[in-house]
Amino acid sequence: MLIENPLNSSIYAFPVLECFHIVGFTLSVGTIALVDLRLLGIGMNHQTPAELADDMKFWTLGGLTLMLLSGLMLFSSDPDMYYLNMAFVLKMVFFVSGIILNYTIHRKAVAPGASPGLGKLVACVSLILWSGVLFGGIYIGFIKEGLSFENL
C-alpha cells in the first residue's frame, strides 16, 4: 500500500499552504525589518530599538513558527526536488544564518547602551540575510534540480 502525501492529492492544498508560508515569512521578516530599519535610523523614531524589538518579539516568533511549520509541510511534498535545488539550499543557509543572527548578535545590538555602529552593521547583515531567504524562495521554481550553478 502506497501512502500518498495529502499535499499531492489536492490541487488546492499546496497553494493554500504556500499562502500560509508567505504570511509567516511576511510577519516574521517584516517585524525583523522594522527593528533593522530603526537601528539604521529610518522610521519608528518614537521608540528605541530595544522597545521596538520587545513589542515585535511575539509577532516575529509567531511568524517564524508559521513559516517553519508550513515550510516543513511544503518540503514534504517533494523532498528530492527541494534538497537537490541550489536555490533551496542557499535559502536554508540564509534562513538558519538569519535566525542565529536574530537571536544572538541582533539582540545585543538592540539592547540599551549598545554601540550605534554595531547596530547599523547588524541591521545591514540582517536585511541581507533575510533578502537572501526571499530571493532563494522565489528562485526555487526557476532552478532545475542539481547542486551546481550550471543549471542557472
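Annotation: per residue accessible area for the chain equals 61 Å², rounded to a whole number [probe 1.4 Å, protein chains only]. For Cys124, Cys19, the ranking by accessible surface with the largest value first comes to Cys19, Cys124, using a 1.4 Å probe.
Kirkwood radius, the range 67-152, all distinct C-alpha pairs, inverse of mean reciprocal distance: 14.2 Å. Note on Leu40 and Tyr83: with the Förster distance fixed at 30 Å, the Cβ-Cβ geometry gives a FRET efficiency of about 0.30.
Accessible surface ranking for Leu68, Leu34, 1.4 angstrom probe, highest first: Leu68, Leu34.
For Asn85, nonlocal amide neighbours, meaning residues 5 or more places apart or on other chains whose placed amide H falls under 5 Å from its own, are Gly146. Semi-axis lengths, largest first, of the ellipsoid equivalent to the chain are 33, 18, 11 Å, with √(5λ) applied to each eigenvalue of the Cα gyration tensor. Between 0 and 90 degrees, the angle of helix 49-76 with respect to the longest Cα principal axis of the chain falls at about 10 degrees. Only alpha carbons enter this Debye calculation for the range 29-104, each as an equal point scatterer, and the log10 of I(q)/I(0) it gives at q = 0.19, 0.21, 0.27 Å⁻¹ is -0.85, -0.95, -1.25.
If you roll a 1.4 angstrom probe over the protein chains with everything in place, what fraction of the accessible area of the range 1-129 belongs to carbon and sulfur, to the nearest %? Carbon plus sulfur share of accessible area: 75 percent. With θ taken as phi - 60° and the Karplus curve 6.51 cos²θ - 1.76 cosθ + 1.60 applied, the whole-hertz 3J(HN,Hα) list for the range 125-132 is 4, 4, 4, 5, 4, 6, 5, x Hz, x standing for glycine and proline. Normalising the average separation of contacting C-alpha pairs (under 8 angstrom, six or more residues apart) by the number of residues puts the relative contact order of the range 13-72 at 55 percent.
The values are calculated or read from the model by the stated rules, or taken from the named source; none is laboratory data. What you see is a predicted model; the values in this text were computed from it and never measured. Quick reminder, even Gly has a Cβ in these numbers, built from the backbone with ideal geometry, and neighbours come from all protein chains shown. Surface accessibility is based on the protein's heavy atoms, side chains included, excluding ligands, DNA and RNA. Shrake-Rupley method; radii C 1.70, N 1.55, O 1.52, S 1.80 Å.
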